[in-house]
């Protein structure tokens, strides 16, 4: 099945993005069983030996839900692979993905040529994160099946371009699948993504505030108490620009407005650990005001999506003369 066909068969045109540490098999199973693509970073299996078990847990969980009548039409799951020289597990984790025939592989940070070849050999599809036209063209030259346009406001590692700019420019030379990432937390946002030319939406932060997510309660509460003004965009923590909750930075003893001066005093093996103490989130946090099971989050997104569609159909809503 092509990537376009996969998206057309979803209950909602959405992919739950792979959240470092936060995504776990329980969350992915809930997402897939409620009709959207659930995803997980391979590195969430902290030891490479645990990665095959993680995938088996997801596959068996979905299969069990289907066999017991709890899931009539599951969506496929996805795995995120970091294609970068710093990831010394890439070959191992790619081999496991091939063994399990992971339906969708999401690649990040580097041209994914060898991943594309391996995944295409068993009939899987590859999506690649891009934040610029240069990255988009490079990924397409490597043969990816679709692009994830990571735009301003996306949680974690995010781009800086407006979605209107990036999606519009990609559409000038590419008519394939585009998935839009950046501050998407409502069903209205998913419809808007399609209106501007994307095929589906990429949603991350909204799924942190769920019981299934592997996030401490303080993180989830901070999500629902924050708004866009509480998001800090900085390369300080990982060397790559990303969006983080301002309050988590403050609680770690750092000044969000003067991060450079905190580097030597606050980082080290016994001090601030970016992946543990500093919490990523997108600018869409202001639209998240409650912790709900993933199934209810998706049901709510569906209701909002339909309501937005019908609202636009009402006479006089769209002004064309």
Boolean, residue 250 is closer than 30 Å to residue 29 by Cβ and surrounded by fewer than 14 Cβ atoms within 10 Å (Cβ to Cβ): no
Over segment 263-293, the set of residues touching a helix residue (DSSP H, G or I) at 6+ places or on another chain (Cβ under 9 Å), at pLDDT below 85 and in a loop (DSSP other than H, G, I, E, B) is 271
The lone condition residue 62 fails out of (1) assigned to a helix (DSSP H, G or I); (2) touching a residue at least 12 places away in the same chain (Cβ under 8 Å); (3) more than 18 Å from residue 16 (Cα to Cα) is (3)
Review point. Can you spot a residue in segment 14-22 that is more than 15 Å from the chain's Cα centre (by Cα), modelled with pLDDT of 95 or more and crowded, with 22+ Cβ neighbours inside 10 Å?
Key: no
The residue that is surrounded by the fewest Cβ atoms within 10 Å (Cβ to Cβ), considering only those in segment 165-184 that are assigned to a helix (DSSP H, G or I) and under 19 Å from the mean Cα position of the chain (by Cα), is 167
Among (1) under 16 Å from residue 79 (Cα atoms); (2) surrounded by 17 or more Cβ atoms within 10 Å (Cβ to Cβ), residue 50 falls short only on (2)
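The values are calculated or read from the model by the stated rules, or taken from the named source; none is laboratory data. Source: prediction; values computed, not measured. Cβ: placed from backbone, ideal geometry, glycine included. Neighbour counts: every protein chain shown.
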